[in-house]
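Report on the following structure.
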């Protein structure tokens, strides 16, 4: 493994921790909007109000342990896969936006391997509403492994995650690079931190707009009491029909508002932290 990839792994780990800490409360709101029984909440603000009133403020951070533990691996894999994908697509450092999109899609597909179980355990923690029977993460992990095994338990929702991550990261990296390059035209040297934050936020918004209905389906599949039956195409189509039957087409976009609001600080913090950490490591290692 070359030094450049090692730098991307380290910077990705640091950036991932920043993402989780900044974005977890609104991620909890998003998941509950996607998966709560119909009529339980009136909207995102009601989710926040009821959660804090019934479960306490830190319930908004429910499920954070899973991504916080796994995010080092997930983001390291994502950023390293993106770096390797860019080098596979072109030997030149300045890729076109179409090439950036292709590299992002490749990185998203690779990232699904770790993102799927991390997301699955997070969603199952967030889908608990403060009842006496709520389980800790260790119990959730043990239960899924014992009852359903690796493929149908730990990796439940893998193919939906793959289907989500490919367009999501194609959109994410394309918007990020476009925004960053637009800012860079006004600066002779490194662009300022605020521009990195803004570029990351733009990428985060593009991420959700590129994939959101699939994220709703993923959350529902991962929170089911039993594994989905049939091929991935069959159970994804079945969940889509179920959502539309319950809430109309708008049901496929439940939770989009908190997702977009979350993406502004979370994605901004992620990419600013990644770029700054990578630049720091570059000064130390020279690559």
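The values are calculated or read from the model by the stated rules, or taken from the named source; none is laboratory data. Everything quoted here is computed from the prediction, not taken from an experiment. Here Cβ is always computed from backbone atoms with ideal geometry, including for glycine, and neighbour counts include all displayed protein chains.
Within the range 128-163, can you find the residues that are part of a loop (DSSP other than H, G, I, E, B) and under 17 Å from the mean Cα position of the chain (by Cα)?
Listed by number, the residues that qualify are 155, 156, 157.
Of everything in the range 58-75, what is at negative phi and outside any helix (DSSP H, G or I)? Give them in sequence order.
Residues satisfying the conditions are 62, 64.
Answer yes or no: is there a residue in the range 255-266 that is free of Cβ contacts under 8 Å to residues at least 40 places away in the same chain, in contact with a helix residue (DSSP H, G or I) (Cβ under 8 Å, 6 or more places away or on another chain) and not in a helix (DSSP H, G or I). Break it down stepwise before answering.
Of all residues in the range 255-266, those free of Cβ contacts under 8 Å to residues at least 40 places away in the same chain come to none.
No, because not a single residue in the range 255-266 is free of Cβ contacts under 8 Å to residues at least 40 places away in the same chain, in contact with a helix residue (DSSP H, G or I) (Cβ under 8 Å, 6 or more places away or on another chain) and not in a helix (DSSP H, G or I).
Quick one: in the range 76-105, of everything that is touching a helix residue (DSSP H, G or I) at 6+ places or on another chain (Cβ under 7 Å) and part of a loop (DSSP other than H, G, I, E, B), which residue is surrounded by the most Cβ atoms within 10 Å (Cβ to Cβ)?
Checked the range 76-105; the qualifying residue surrounded by the most Cβ atoms within 10 Å (Cβ to Cβ) is 95.
Select, from 262, 278, the only residue that is surrounded by 13 or more Cβ atoms within 10 Å (Cβ to Cβ), over 20 Å from the mean Cα position of the chain (by Cα), at pLDDT 85 or above and on the phi < 0 side of the Ramachandran plot. Show your work before the answer.
Numbers: 262 fails: over 20 Å from the mean Cα position of the chain (by Cα).
Just a single option satisfies the conditions, and that option is 278.
Which residues, taken from the range 179-223, are touching a residue at least 12 places away in the same chain (Cβ under 8 Å) and assigned to a loop (DSSP other than H, G, I, E, B)? Don't jump to the end; show me each part of the working.
The first filter runs over the range 179-223 and keeps only residues touching a residue at least 12 places away in the same chain (Cβ under 8 Å), leaving 179-180, 183, 190, 193, 195-223.
Listed by number, the list holds a single entry, 190.
Taking the range 41-75 as the search range and keeping residues that are within 22 Å of residue 214 (Cα to Cα) and over 13 Å from the mean Cα position of the chain (by Cα), which one is surrounded by the most Cβ atoms within 10 Å (Cβ to Cβ)?
For the range 41-75, the residue satisfying everything is 63.
Can you find, within the range 229-254, the residue that is farthest from residue 120 (Cα to Cα) among those that are without any contact (Cβ under 8 Å) to a residue 40 or more places away in the chain, touching a helix residue (DSSP H, G or I) at 6+ places or on another chain (Cβ under 8 Å) and outside any helix (DSSP H, G or I)?
230
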